[in-house]
Structures are given as C-alpha cells and as structure tokens.
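> Sharing a structure with you now.
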Amino acid sequence: MKSGAVFRKEQFVIPSGVIYLDGNSLGPLPRIASRRITEVVEREWGQALIRAWNECAWMEQPARVGDLIAKLVGAPGGSIVMGDTLSIKVYQALASALQMRPDRKIILSDSGNFPTDLYMAQGLIESLDKGHELRIVAPEAVERSIDETVAAVMITQVDYRTGRLHEMNRITSAAHDAGAVMIWDLAHSAGAVPVQLTDSGCEFAVGCTYKYLNGGPGAPAFIYVRPDLVETVRPALAGWMGHDVPFAFDRDYRPANSIERMRVGTPPIIQLSALEAAMQIWNGVDMGDVRAASIELSERFIAEVEKRCPALHLVSPRDPAARGSQVSFRFEHGYAAMQALIDRGVIGDFRAPDIMRFGFTPLYLDTGDIVTAAEVVEDVILNRLWDNPRYKQVNSVT
Ligand SMILES: *Cc1c(COP(=O)(O)O)cnc(C)c1O
C-alpha cells in the first residue's frame, strides 16, 4: 500500500483517542518541533541573547526555511522567503503584480477564494485609489474570464470549503496569454498535493505553514517570486528587513537584490524554528506518494460515509483528481454534528453555513483511522447524537 511509504505518525503528538481530520486547518505538533522550541527558547534566546542573531543564524532563517519550502513546491533555492501571515503576503504579491501592469485595472479572483484574500484585495484597491476593481467569478468561470483588461489573476488553488482543485498550469497559461500576472495561493496545497511552481511559470505564490506543513499556530507564511523578477519586483511593504543593508540604517529604502526584499520586519524566531524543525519530517517523502495515499484515504472515507449516512451530501468534487486533500459534506445540522464528532475524538471542522470538513493527511492517518472515523460519523448522524443543546452553542472558532 502506497500510504505505508509516507506514514510517520510516531513523529507527531496525536492525543490518544483522537482521529485528527483537521490537519488542513492546524497541523499537529511534530515531536521534533517541540524539542526544538525548547532548545531555541532556553539555549538560544535564554543563553545567547542578542548574540543569537549572528551566532545562531537567526537573521538568515527566513531565507533558509524558504529554501526548505521551495523543495516541496517545485521551486529553486532563493525564490521563497518566510514572514508575516498569509494575509500580508497576499497583499504584497498583489501590490507587486499591479505595479507590473500599471495600465490594467482588474484583479480577477473566484467566489471559492478564502475571504481574507478578497478582503486584502479590497483594502489594497482602496489605499491605491487608482480605480482598480476586484472581479469575482465562479470557480468554473475563471479561465474564460481572463482577458486583456486583467492585471492579475489571484486564485487559491484548493477551495477551502469544497476542496475543489484548480489546474495550476492551465490557468497560469491563460493568464499569461492575456498578458496578466498570475498569483497562486497555496494555503491548502503546500504539503497536500504535488506543486511545481517553476513548471507553472506563475509570477507569485503565497501560502501558510500551520496547515499541512505543521509549523504551529501563527507560523509565518511564505512568498515565492519567480527568479527572473526577484531583483525588480516592488515589495509594497518597505520594511527594514527587506532593505539591502538593514543595519546600515540608511534614511532611504533600497530593496535587497534577492528574495529577501519581500521580508518586512523582525522574523518570529521561535515560530520559524518550530517550522524549520517540522520541515525535517518531509525528508525522504515523495509528494506523489502523499497524493496517492491522500486519494486512497479520502475515497475510502467518501465511500464509507455515503454508505452509512445518506443524509450527508458530498460537496467536494467526486473525481479525486479535481480535489485537494480534504472532503466536505453538507448537512443541515453540520455545526452540531461536528461538535458531537469532536466530543467523540473525531476532529474535523465546520464552515458556514452547513459544511462539515475533513482533512486527509497521510503522514499520520491510515485506513484504520478512516474506517473508525466513518463509524463515529454514522453513530452521530443515525442516532441523532448531534441533537443536544450543548452542541448547538456556536464557538468563535468553528
Ligand atoms: C488559511 C488561509 C488564510 C489565512 O491567512 P492568515 O493571514 O495566515 O490568517 C489565507 N488564505 C487562504 C486561502 C487560507 O486558506
């Protein structure tokens, strides 16, 4: 079985009795990250103090970790840097893209995009005040909506709600044929599906690292800039860490002649160290094997759930090739049902208005987990275990 090749559950802290189907939202704690955080806090921060910026190579960490991410998403070294959160990186990529096409005013995105990506675009348009417009079309309509008025196409490859997967190379080619700049958001792609950024030819890509990359809550985002643009792209947020020589303390901003120009301020060292350690888990892991195992698990889950619970309706594409590494079902009482599942150790999540979402992460899930999870889903749905007032109290994070 393919999944055996990538299964390394012993490297993660998974509480006993838990089947974790939410690694698409917050990856579990890698044991190596836990050890590394303690070491960074006690030895580097505690003992080396300010000297650690040099002695422990803290200053180089955003680019060093970027190179680790690059290996996983088919990008060369020196094309990715870490920092900030994904929202900020979306803003930077988009602002840079618009500067590359000053005569065009349209930003094209789709209705399956994650709200923050759209909000950041709206905010950017307002602050630029140059008459840009955010055009949001249905996911199926993206390709045919790209025309010569479009400055930038900004798409999240995997729809956070349905798991619908966009064809990266096709849409990128369509954007380029029309002279538009292509920005991919890989939030639900990096560590989930094979990605080949160089092959795609896209100008920018961004993504977060606390989902499938297990960097921990608030782990910094990454930004990719196509190597031929790295020395000319405008980073939009002109922070001192993106300056050519931050410690020259020049009065005027001059961006670094490398991907480091996309840095903004002081990097989150503890969080980056957790991520850097977590990235070691991917050593020897082939993303093709991860994909094969993820499809095997998600196909099995769909079959088991549909067989047991006719009340749940699949909203993810049925064709696994058109899906990322998550499966979503629509159920009228989805919120309460998810709370009941979580209470029984099967952790997925809920997305308004009625979507129960399950993530598949073959590094720490196997077929046995999937069948057990489906049995618990059946128990909750058929025996109406969700129909309990305490499962209907909506929390701030769903
Ligand atoms: C998870 C996710 C985000 C989160 O952005 P943060 O700034 O890290 O909170 C943004 N965009 C997409 C597409 C996501 O899936």
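> Using the heavy atoms of the protein chains alone and a 1.4 angstrom probe, what is the accessible area of the range 307-394 per residue in square angstrom?
Per residue, the range 307-394 has 40 Å² of solvent-accessible surface.
> Also, I was wondering about something else. If ligands, DNA and RNA are left out, what is the accessible area of M279 with a 1.4 Å probe, given in Å² to the nearest 10?
Taking all protein chains as shown, M279 has close to 10 Å².
> Now a separate question. Could you give the angle, 0 to 90 degrees to the nearest 10, between helix 269-278's Cα long axis and the longest principal axis of the Cα atoms of the chain?
60
> Moving on. 7 Å from Cα along Cα→Cβ at both R161 and D250: what's the point-to-point distance in nm?
Placing both labels 7 Å along Cα→Cβ, they lie 4.6 nm apart.
> Ordering L68, L108 by accessible area with a probe of 1.4 Å, largest first, what comes out?
L68, L108
> Where the only charges are on Cβ atoms (+1 Lys, Arg; -1 Asp, Glu), what is the dipole of the range 59-266 about its Cα centre, to the nearest 20 debye?
300
> So, with +1 on the Cβ of K and R and -1 on the Cβ of D and E, and no other charges, what is the size of the charge dipole of the range 272-398 about its Cα centre, to the nearest 20 debye?
On the way: 13 positive and 18 negative charges, 90 e Å.
Charge dipole, the range 272-398, about its Cα centre: 440 debye, nearest 20.
> Averaged over every viewing direction, what's the projected area of the C-alpha convex hull for the range 59-266? Give it in nm², one decimal, please.
Mean orientational projected area (the range 59-266, Cα hull): 10.7 nm².
> Considering only DSSP states other than H, G, I, E and B, which trypsin sites (Lys or Arg not before Pro) in the range 119-167 qualify as loop sites with at most 11 other Cβ atoms within 10 Å?
K130
> In addition: What angle do you read, to the nearest 10 degrees and between 0 and 90, between the alpha-carbon axis of helix 168-177 and the longest principal axis of the chain?
Tilt relative to the chain: about 40 degrees.
> Can I ask one more? Mind checking the per residue accessible area of the range 59-266 for me, 1.4 Å probe, whole number of Å²?
Accessible area per residue: 38 Å².
> Only Cα pairs under 8 Å and at least 6 apart count here; give the relative contact order of the chain as a rounded whole percent.
22
> Next question, about the same structure. Could you please state how large a percent of the accessible area of the range 59-266 is carbon and sulfur, counting protein chains only and using a 1.4 Å probe?
Working: 4030 of 7850 Å².
The C+S portion of the solvent-accessible surface of the range 59-266 is 51 percent.
> Shifting gears a bit: I'd like the carbon and sulfur percentage of the solvent accessible area for the range 330-383, probe radius 1.4 Å, heavy atoms only, ligands and nucleic acids excluded.
Taking all protein chains in place, the range 330-383 shows 49 percent carbon and sulfur surface.
> Show that you can apply the helix-only estimate: for the chain, add -39,500 (n - 2.57) for every DSSP H stretch of four or more residues, divide by all residues, and state [θ] at 222 nm to the nearest 500.
It comes out at -10000 deg cm²/dmol, rounded to the nearest 500.
> I've got another one for you. Under the Karplus relation 6.51 cos²θ - 1.76 cosθ + 1.60, θ = phi - 60°, what is the ordered set of whole-Hz ³J(HN,Hα) values for the range 22-39, x standing for Gly and Pro?
Residue by residue, the range 22-39 yields 10, x, 7, 10, 9, x, x, 6, x, 4, 5, 6, 4, 5, 5, 4, 4, 5 Hz.
> With everything on Cα atoms, drop me the angle between helix 367-382 and the longest principal axis of the chain, reported from 0 to 90° to the nearest 10.
60
> Let me ask another. Using a 1.4 angstrom probe on the protein heavy atoms only, line up H313, H176 by accessible area, largest first.
In descending accessible area the options line up as H313, H176.
> OK, next. Counting only protein heavy atoms and using a 1.4 Å probe, what share of the accessible area of the range 275-329 belongs to carbon plus sulfur, as a whole percent?
In the range 275-329, the share of accessible area belonging to carbon and sulfur is 50 percent.
> Using every pair of alpha-carbon atoms in the chain, split the distances into 20 Å bins beginning at 0 and state the percent of pairs per bin, rounded to integers.
Once binned at 20 Å, the Cα pair distances of the chain give 27, 55, 17, 0.
> Hey, another quick one. Keeping all protein chains in the complex and leaving out DNA, RNA and ligands, what accessible area do you get for W240 with a 1.4 Å probe, in Å² to the nearest 10?
It works out to around 100 Å².
> Here is a further query. Count neighbours as other Cβ atoms within 10 Å of each site's Cβ, and list the trypsin sites (Lys or Arg not before Pro) in the range 256-321 that are DSSP loop with at most 11 such neighbours.
Answer by residue number: R318.
> Placing +1 at every Lys and Arg Cβ and -1 at every Asp and Glu Cβ, with all other atoms neutral, what dipole size does the chain have around its Cα centre, in debye to the nearest 20?
420
The values are calculated or read from the model by the stated rules, or taken from the named source; none is laboratory data. The structure displayed is predicted, hence computed values, not measured ones. When we count neighbours, we look across all protein chains shown, and the Cβ atoms used for this are built from the backbone with ideal geometry, even at glycine. SASA here: full protein model, heavy atoms, side chains in, ligands and nucleic acids out. Shrake-Rupley method; radii C 1.70, N 1.55, O 1.52, S 1.80 Å.
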